[in-house]
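First comes the structure, then the notes that go with it.
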Amino acid sequence: QVRVAESGGGLVQPGGSLRLSCVASGNVFSDYAMGWFRQFPGKGRDFVATITESGVTNYTNSVKGRFTISIDNAKKEVYLQMNSLKFEDTAVYYCIVENDSVSIWGDGTQVTVHG
């Protein structure tokens with residue numbers, strides 16, 4: 001089955017940068033997208049960014065101009081370059097692989113922005 005694993009989270013100062021990565025293994029279905037959601041304490045998961053196999057991207061407004069999502073199709077790996085990080089970016093970041101029928105989630109990686 002498909003498995004998703006995130007990495008790259010950590011502690012960073014405001015204004016700093018982190019790069020998250022996520023690799024999907026197994027029989028990943030075709031016509032898929034990969035992306036990132038984040039979960040704040042006590043809240044649901046909020047959309048951050050997605051990218052399709054063809055490279056079409058979408059971002060939530062709060063990260064536009066700061067975060068960049070990219071994909072390596074051969075490796076089924078997606079990246080989230082996060083620049084100009086803010087305190088409010090602190091969350092657990094989850095990777096997803098999805099099509100119209102199913103979404104598969106990773107276990108999350110913690111991003112903490114602290115001065």
Full extension from T60 to E98: what is 0.36 nm times the residue separation minus their Cα-Cα distance, to one decimal in nm?
11.9 nm
For the chain, what % of the accessible area comes from carbon and sulfur atoms, probe 1.4 Å?
46
How large is Rg over Rh for the chain, taking Rg from the Cα atoms and Rh as the Kirkwood inverse mean of 1/r across Cα pairs?
0.95
Heavy-atom accessible area per residue, the chain, 1.4 Å probe: how many Å²?
52
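The values are calculated or read from the model by the stated rules, or taken from the named source; none is laboratory data. If you're wondering where the values come from, they're calculated on a predicted model, not measured in any experiment. Note: areas computed on protein heavy atoms with side chains; ligands, DNA, RNA excluded. Shrake-Rupley method; radii C 1.70, N 1.55, O 1.52, S 1.80 Å.
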